[in-house]
Amino acid sequence: MLKEKKMKILLLDKNHPLITEQLAAKGFSFEEDFTSTYEEVLKNIEQYDGIIIRSRIPIDQRFLEHAKNLKFIARVGAGMENIDVDFAKKSGIALISSPEGNRDSVAEHVLGMLLILMNRLFISSQEVKNGIWKREENRGDELLGKTFGIIGYGNMGKAVAKRLSGFGCKVIFHDLLSNIGDEFGTQVSLKTLKKEADILSLHLPITKETHYLVDEKFISEMEKNFYFVNTARGKNVDTKFLVEALKSCKVKGAALDVLEYEKASFEKLDTDNEDLEFLLQSEKVIVTPHIAGWTIQSKEKLAQVIVDKILVQFPQT
């Protein structure tokens, strides 16, 4: 009886070594390529049964047309925007992601940024280090009693709501799926969320519908002046209108882990922009370099989720 051929996997980004360790033990074979360009990878992609990626190389229709033997694409992360999902599905390619792996990291990052922003912790600490002792000017604003609005109640949104349960907030959320409220959050219409929220946090993928979701009209429809948090995707927000809202105080402060000006790989930033310069200089804004889901623990958990999902769909001997 012929022995079944091992599935051959191409690793296009560096990830936790448990991926190769555990999958090799189950009969998979691997090749690593962390430096080749898109065109170089294209020349050999048809020899692989699976690829494991983060964001370095776009998996578009042309790429998939060359990958004639591909059975699965596994992205170590949550979003799938660097993959032509529709064409992959039509081609019978399984799509695997791991949002469960960094939801706790994202939730903690959201709270960390908000507490720093609302209590002026970074600003006051820097002032004291520079010999400036201001108390009245650094009065904080409490989370207690505020209504926290979440758009997108998947893995990330639910994890944020759970963390907020000890802060005395009312948590409301809007999601395209219905009847998904739980003990931590109450589902409402988008209209109600815009009416009630003191804080708005985005937890959405980037799609045609969510591109520039937060624009001039959206901000104007928020009934209260509000704090804004974005750990989803930079292009969920039309930045020029966020800047205008910060200047007018419609947005009281912004905590941003993602920016419209990021490259597709998330590794670089287009810096020649007046609106970005305002965000970087404003005391009302905290900016971090797309690291909300980027902890020591999440690196391992993301990888483990990927391994587990691959093995469920493609068990080897």
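The values are calculated or read from the model by the stated rules, or taken from the named source; none is laboratory data. Please read all numbers here as calculations on a predicted model, not as lab measurements. For neighbour counting, all protein chains shown are included, and Cβ atoms are generated from backbone atoms with ideal geometry for every residue, glycine included.
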Practice task
Kindly check whether there is at least one residue in region 120-140 that is modelled with pLDDT of 95 or more and on the phi > 0 side of the Ramachandran plot.
Solution key: yes
Handout entry: Matching residues in region 100-124 - criterion: being assigned to a helix (DSSP H, G or I) and crowded, with 21+ Cβ neighbours inside 10 Å
Key = 101, 103, 105, 106, 107, 109, 110, 113, 114, 117
Handout entry: Condition check for residue 92: part of a loop (DSSP other than H, G, I, E, B), small (Gly, Ala, Ser) and at pLDDT below 95
Key = no
Fill in the blank from the handout: Of the listed residues (127, 137), the one being surrounded by 13 or more Cβ atoms within 10 Å (Cβ to Cβ), among the acidic types (Asp, Glu) and either assigned to a helix (DSSP H, G or I) or free of Cβ contacts under 8 Å to residues at least 12 places away in the same chain (or both) is 127
Handout entry: Within region 57-79, tally of residues that are surrounded by 19 or more Cβ atoms within 10 Å (Cβ to Cβ) and either out of contact with any strand residue (DSSP E or B) (no Cβ under 6 Å at 6 or more places or on another chain) or part of a helix (DSSP H, G or I) (or both)
Key = 8
Problem - Residue that is surrounded by the fewest Cβ atoms within 10 Å (Cβ to Cβ), among those in region 80-99 that are closer than 19 Å to residue 307 by Cα and hydroxyl-bearing (Ser, Thr, Tyr) - result: 97
Fill in the blank from the handout: Contact list, first residue from region 148-164 and at positive phi, second anywhere and of a type in the set (Phe, Trp, Tyr) and part of a strand (DSSP E or B), beta-carbon distance below 9 Å, six or more apart or interchain, is 152/173
